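K.L.:
Structure provided below as structure tokens; questions to follow.
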Amino acid sequence: MLDLDFGKYEGFIWAAYGISALVFVLLTVASLRFSAHWKRQAEQLKAQEDARS
Amino acid sequence: MISAPAFLSNPERFMAFSRWAAPLFGGLAVLLAITGLWLGFTAPEDYQQGDTVRIMFIHVPAAWLSMFAYFCLGIASFLSLVFRHALADAAAKSAAPLGAGFTALALVTGSLWGRPMWGTWWVWDARLTSVLVLFLFYLAYMALRSALDDETKAARACAILALVGLVNLPVVHWSVNWWNSLHQGVTVFAKGGPKMAPVFLVPLLLMVLAYMAAFGALWLVRIRGEVWRRRADAALSRLART
Amino acid sequence: MSLAWELLKRETALSWGRGGGPLVSAGFYLGVATLLPLAAGPEPARLAAVAPGVAWMTLALATLLGLDRLFERDYEDGALDLLTLSPLPLEFVCALKCLGQWLATGLPLALAAPITEIALGGSPTLAPLVLVSALVGGLAFAFASGIGAALSLGARRGGLLTAVIVLPLFTPPVIFGGGALDAFASGLPWSAGFVLLCAYAAAAIALGPLAMAAACRNALS
């Protein structure tokens, strides 16, 4: 049985799960954006280089 | 049979491997987390801790990962220092912000668990303090990295700092035996096998695996970004020269 | 051997003269000790309870003074390049630099520590242990902080960065020394904390110079 009734500890438990989820989302978004940004940059510069040679 | 670090030390092979390994780890993390959370939330309430035992399923994995990430950082730093390998340095650099994130999570969830259980947000015992120090080490590592402009010098200086910090990890792990405090002792790896009931142990281990898979996925993504950043840097300096 | 002796004399003299040397450290130390009653209130009972801890922690902070010049000056004027060419191994040179720093600032501060502790109302019976802990702890602080100073060579805002790197390294000795003083003050067995402090100092003296020399070579490369 799924037990989502935490009684008097509700605030603490939801806060802990909420913060964990938030940190995971932030880490994931930051990592993916960082990676995508430099991939684009590297490919653009490569194309520039190829165009010039 | 070729060893994993040797196989991945080739950037081309690493990029080909991480291209499918990163999403695979990410999917694995989601699956494991869903299973672990389902089992965790259907488990009965602990007779001592009541509902707060649910926080354990995210606190303990974060605490383990804070140390595991530093361990990875240390190994990558060692490889980068000994073999002067750029990919190892990229791995070390990429592990630091992730480790700092997990350490912050361990501290915050531990605090949210401690308040209802011990009646206080924070206890200055050795174990909590050591985790806080671990967090400071991550911050120092990232601060040193950003303060040095020359990238090869920054790589070596940071690797030395990471190895110096590695002596801190045993202190984190064994300090629980040096000081008796409000923090409960080592429960999972106690003598004579796990003391925890299987209803809690199974979801906990699943969550640890989920966190590890998530760390693996994010780590690979960040290393890929770092490799591209260096390629872009190299291309830029080539363009500037011609 | 005479070469090492000359180098130690040079380092000690440099630390002694560097921006006021022990005077600045002692001034900082006394200043913080004076601020404590003003901040926490002058009630003797409260002051006496925290006196050993404050004397101990201020010592750790005072070690940070002048640290940014430990390697930076030699790095900037090229003396560090010359030192790497000397017949002495660079590890040994780094150890001598830290030892010189300790002789010039750590030693005077260690003598001031029990006085501060008593002036703040701590028990006089605690003074010998404060002195010995400050001597041993000062060595640990000097060698641990040398690592931070060497690593931040050539960095932007090197001084502040050194403190950020070094303060986490200070935590074990601060815990051990503080634990020993605390246990002694409350009549408990205190030797464990003191032995751990000595062990940390020994480890810092043995391993610190390796890291410092590697960091210096890296900065000079």
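The values are calculated or read from the model by the stated rules, or taken from the named source; none is laboratory data. In this text, all values refer to a predicted model and were calculated from it rather than measured experimentally. Virtual Cβ from ideal backbone geometry, glycine too; neighbours counted across all protein chains shown. The area values use the complete protein model at the heavy-atom level, side chains included, leaving out ligands, DNA and RNA. Shrake-Rupley method; radii C 1.70, N 1.55, O 1.52, S 1.80 Å.
K.L.:
Within the range B:102-157, which chymotrypsin sites (Phe, Trp or Tyr not before Pro) sit in a loop by DSSP and count at most 12 neighbouring Cβ atoms inside 10 Å? Walk me through the numbers on the way to the answer.
P.N.:
Numbers: sites: B:102, B:113, B:118, B:121, B:122, B:124, B:135, B:137, B:138, B:141; in loops: B:121, B:122, B:124.
Passing both the DSSP loop test and the Cβ count: B:121, B:124.
K.L.:
Return the value, in Å² to the nearest 100, of accessible area buried between chains B and C (probe 1.4 Å, both sides summed).
P.N.:
1800 Å²
K.L.:
Ok, one more. Among C:186-197, A:31-42, C:209-220, how do they line up by average Cβ neighbours within 10 Å per residue, starting with the highest? Don't jump to the answer; show the numbers that get you there.
P.N.:
Details: C:186-197: 14.8, A:31-42: 17.3, C:209-220: 21.9.
With the highest mean Cβ count within 10 Å placed first, the list reads C:209-220, A:31-42, C:186-197.
K.L.:
Let me ask something else. Using the Cα atoms of the protein assembly as shown, I'd like the radius of gyration and the largest Cα-Cα distance, Dmax, both in angstrom.
P.N.:
In Å, with Rg to one decimal and Dmax whole: 25.6, 81.
K.L.:
Using a 1.4 Å probe, what is the accessible area per residue for chain A, in Å²?
P.N.:
Roughly 68 Å² per residue, with all protein chains present.
K.L.:
Using the charge dipole of the protein assembly as shown (Lys, Arg: +1 at Cβ; Asp, Glu: -1 at Cβ; taken about the Cα centre), state which of C:127, C:184, C:219 has its Cα farthest towards the positive end.
P.N.:
Farthest towards the positive end: C:219.
K.L.:
Oh, and also: For a quick check: with amide H placed at 1.01 Å from N, whose amide H comes under 5 Å from residue C:21's, ignoring anything fewer than 5 positions away on the same chain?
P.N.:
The list, which skips near neighbours in sequence, is empty: none.
K.L.:
Okay, next question. Provide the FRET efficiency to the nearest 0.05 for the residue A:46-residue B:24 pair, computing r from the beta carbons and using R0 = 25 Å.
P.N.:
Values: r = 27 Å, r/R0 = 1.08.
It comes out at approximately 0.40.
K.L.:
For the range B:19-34, what does the Karplus curve 6.51 cos²θ - 1.76 cosθ + 1.60, with θ = phi - 60°, yield as ³J(HN,Hα) per residue in whole Hz, taken in order and with x for Gly and Pro?
P.N.:
Per residue, the Karplus-derived 3J(HN,Hα) values read 4, 9, 6, 5, x, 4, 4, x, x, 4, 4, 5, 4, 4, 5, 4 Hz.
K.L.:
Continuing with the same structure: Any chance you could check the range A:8-26 for residues losing 10 Å² or more of accessible area when the partner protein chains are in, compared with the chain on its own (1.4 Å probe)?
P.N.:
At a threshold of 10 Å² (probe 1.4 Å), the residues of the range A:8-26 that become less exposed are A:9, A:12, A:13, A:15, A:16, A:17, A:19, A:20, A:23, A:24.
K.L.:
Okay, next question. Sum -39500 (n - 2.57) across every DSSP H segment of at least 4 residues in the protein assembly as shown, then divide by the residue count to get the 222 nm mean residue ellipticity, nearest 500.
P.N.:
So the calculated ellipticity at 222 nm is -28000 deg cm²/dmol.
K.L.:
Let me know the charge dipole size of the range C:1-82 about its Cα centre in debye, to the nearest 20, where only the beta-carbon of Lys, Arg (+1) and Asp, Glu (-1) is charged.
P.N.:
Details: 6 positive and 9 negative charges, 77 e Å.
The dipole of the range C:1-82 has a size of about 380 debye.
K.L.:
Give the B-A buried accessible area in Å², both sides summed, 1.4 Å probe, nearest 100.
P.N.:
In total, this chain pair buries about 3300 Å².
K.L.:
Please check the range C:139-154 for residues whose accessible area, probe 1.4 Å, is lower by 30 Å² or more when all protein chains are in place than in their chain alone.
P.N.:
C:151
K.L.:
Of the listed peptides C:85-95, C:166-176, what is their order by residue-averaged count of other C-beta atoms within 10 Å, with the highest listed first?
P.N.:
Numbers: C:85-95: 16.2, C:166-176: 23.0.
Taking the mean over residues of other Cβ atoms within 10 Å, the ranking is C:166-176, C:85-95.
K.L.:
When the accessible area of the protein assembly as shown is computed with all protein chains present and a 1.4 Å probe, what percentage of it is carbon and sulfur?
P.N.:
On the way: 16950 of 23950 Å².
The computed percentage sits at 71.
K.L.:
Are there residues in the range C:189-221 whose accessible area shrinks by at least 50 Å² when all protein chains are included rather than the chain by itself, and which are they (probe 1.4 Å, ligands and nucleic acids not counted)?
P.N.:
Hits at the 50 Å² cut-off: C:218.
K.L.:
How large is ³J(HN,Hα) for each residue in the range C:211-221, as worked out from phi by the Karplus curve 6.51 cos²θ - 1.76 cosθ + 1.60 (θ = phi - 60°), to whole Hz, x for Gly and Pro?
P.N.:
5, 4, 5, 4, 5, 5, 4, 5, 5, 7, 5
K.L.:
If you take each beta carbon of peptide A:37-48 and count the beta carbons of other chains within 10 angstrom, what is the mean?
P.N.:
That works out to 5 on average.
K.L.:
Quick one: putting +1 on the C-beta of Lys and Arg, -1 on the C-beta of Asp and Glu, what dipole do you get for the protein assembly as shown around its Cα centre, in Debye to the nearest 20?
P.N.:
1200 debye
K.L.:
Looking only at other chains, what is the average number of their beta-carbon atoms within 10 angstrom of each beta-carbon in B:143-150? Mind dumping the intermediate values first?
P.N.:
Values: counts 7, 8, 1, 3, 11, 10, 3, 5.
Other-chain Cβ atoms within 10 Å of each residue's Cβ, averaged: 6.
K.L.:
I'd like the mean, over residues of B:98-109, of how many other protein chain beta carbons sit within 10 Å of each residue's own Cβ. Walk me through the intermediate numbers first.
P.N.:
Numbers: counts 3, 0, 1, 5, 4, 0, 2, 7, 1, 0, 5, 8.
Mean inter-chain Cβ contacts per residue within 10 Å come to 3.
K.L.:
On to the next question. Using unit Cβ charges (K, R positive; D, E negative) and no other charged atoms, how large, in debye to the nearest 20, is the dipole of chain C about its Cα centre?
P.N.:
120 debye
K.L.:
Can you pull the accessible area of residue C:65 for me, 1.4 Å probe, Å² to the nearest 10?
P.N.:
Its accessible surface works out to 50 Å², give or take rounding.
K.L.:
Highest mean first, how do B:73-84, C:49-60, C:143-154 rank when packing is the count of other Cβ atoms within 10 Å averaged over residues? Display every interim value, and only then the final one.
P.N.:
Numbers: B:73-84: 19.5, C:49-60: 21.8, C:143-154: 28.2.
So the peptides B:73-84, C:49-60, C:143-154, ranked by packing, come out C:143-154, C:49-60, B:73-84.
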